[in-house]
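Chemist: Got a structure for you, questions after.
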Amino acid sequence: IGLISSGQEPVYRSSLPTNVASDTAFQQEVSAVAGRLGISEADLYAVMSFETGGTFDPGIRNAAGSGATGLIQFMPSTARGLGTTTEALAGMSRVDQMKYVEKYLSNKGIRGGNLSDIYMSVLFPAAVGKPDSYVLFGRGAMSGYTGRAYDQNRGLDSNGDGSITKAEASAKVLRHRHPQPWRRPNNMRPELQ
């Protein structure tokens with residue numbers, strides 16, 4: 001009850017993969033980074049879960065061959081801009097990589113932001129702060145983000161209209177965000193269900 005009324009969203013270990021649920025150092029680092037950035041831990045976990053296919057593997061590489069690596073799929077040029085490489089990031093622990101996650105997110109205008117803006121800072125930084133109807137890829141997108149860019153992200157076009165909006169892209173990530181844990185039956189005493 002104290003946690004609920006504190007305004008802080010609880011993140012239960014049962015909502016994380018087993019290997020992450022036992023990684024208390026990583027959980028503490030996620031809490032610290034989320035606190036410093038003024039964002040929800042649950043939203044930060046959701047973005048990292050989506051970007052790693054639910055594995056939270058700091059060495060995971062993009063299957064499409066873009067070279068993107070890690071907890072938020074750092075592109076090689078982005079890694080260089082942060083003073084590292086994707087090879088170095090792939091060799092880091094989750095805790096060590098969080099330093100670069102924070103460094104990257106800290107200048108993207110997400111302070112106090114929601115899941116959508118946190119994810120946009122990773123996928124399409126120009127969309128941070130824009131309305132949910134903002135078109136990222138495809139018909140209606142800014143120059144250079146139609147054609148191939150749309151094709152690479154076609155899986156995000158949930159209604160198949162040829163345009164991928166901020167809302168559509170964020171909806172995929174939202175599925176990785178754990179629902180309100182205190183309302184989940186497995187977190188309640190049986191007699192309260």
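The values are calculated or read from the model by the stated rules, or taken from the named source; none is laboratory data. None of the values given here were measured: they were computed from a predicted structure. Cβ coordinates were reconstructed from backbone atoms using ideal geometry, including for glycine residues, and neighbour counts include every protein chain displayed. Accessible surface is based on the protein model in full, side chains and every heavy atom, while ligands, DNA and RNA are left aside. Shrake-Rupley method; radii C 1.70, N 1.55, O 1.52, S 1.80 Å.
Chemist: Please list the non-local residues whose amide H lies under 5 Å from the amide H of Ile60, H modeled 1.01 Å from N, same-chain partners needing a gap of 5 or more.
Modeler: Sorted by chain and number, the residues that satisfy this are Gly70.
Chemist: Can you bin the range 66-121 into rounded, prolate or oblate? Criterion: square roots of the alpha carbon gyration tensor eigenvalues sorted a ≥ b ≥ c, rounded for a/c under 1.5, prolate for a/b above b/c, oblate for the rest.
Modeler: Taking the square roots of the gyration eigenvalues as a ≥ b ≥ c, the range 66-121 is prolate.
Chemist: Once you sort the root eigenvalues of the Cα gyration tensor of the range 23-110 as a ≥ b ≥ c, which label holds: rounded (a/c under 1.5), prolate (a/b larger than b/c) or oblate (the other case)?
Modeler: Note, shape of the range 23-110 comes out prolate.
Chemist: On to the next question. Kindly state, to the nearest 0.05, the FRET efficiency for Ser31 paired with Asp161, given R0 = 30 Å and r defined as their beta-carbon distance.
Modeler: For R0 = 30 Å, the calculated efficiency reads 0.15.
Chemist: Another one. Run the quick spin-label model on Ser106 and Lys130: label points 7 Å from Cα toward the beta carbon, then report their separation in nm to one decimal.
Modeler: For the pair Ser106/Lys130, the computed spacing is 2.7 nm.
Chemist: How charged is the neighbourhood of Lys130? Take every other residue with its Cβ under 11 Å from the Cβ of Lys130, and add Lys/Arg as +1 and Asp/Glu as -1.
Modeler: -1
Chemist: Please state the shape class of the range 18-65: rounded when a/c is under 1.5, otherwise prolate if a/b exceeds b/c and oblate if not, all from the C-alpha gyration tensor.
Modeler: It comes out oblate by the Cα gyration axes.
Chemist: A further question on this structure: Go through the range 128-165 and name the trypsin sites (Lys or Arg not before Pro) that are in a DSSP coil and have 13 or fewer other Cβ atoms within 10 Å of their Cβ.
Modeler: Listed in order of number, the matching sites are Arg139.
Chemist: Could you check how much of the accessible area of the range 89-137 is carbon and sulfur, as a whole percent, using a 1.4 Å probe?
Modeler: That fraction is 48 percent.
Chemist: In addition: For the range 54-104, what is the accessible area per residue in Å², given a 1.4 Å probe and the full set of protein chains?
Modeler: 44 Å²
Chemist: If I model a spin label as a point 7 Å beyond the Cα along the Cα-Cβ vector, how far apart are those points for Ala149 and Arg80 in nm?
Modeler: 2.0 nm
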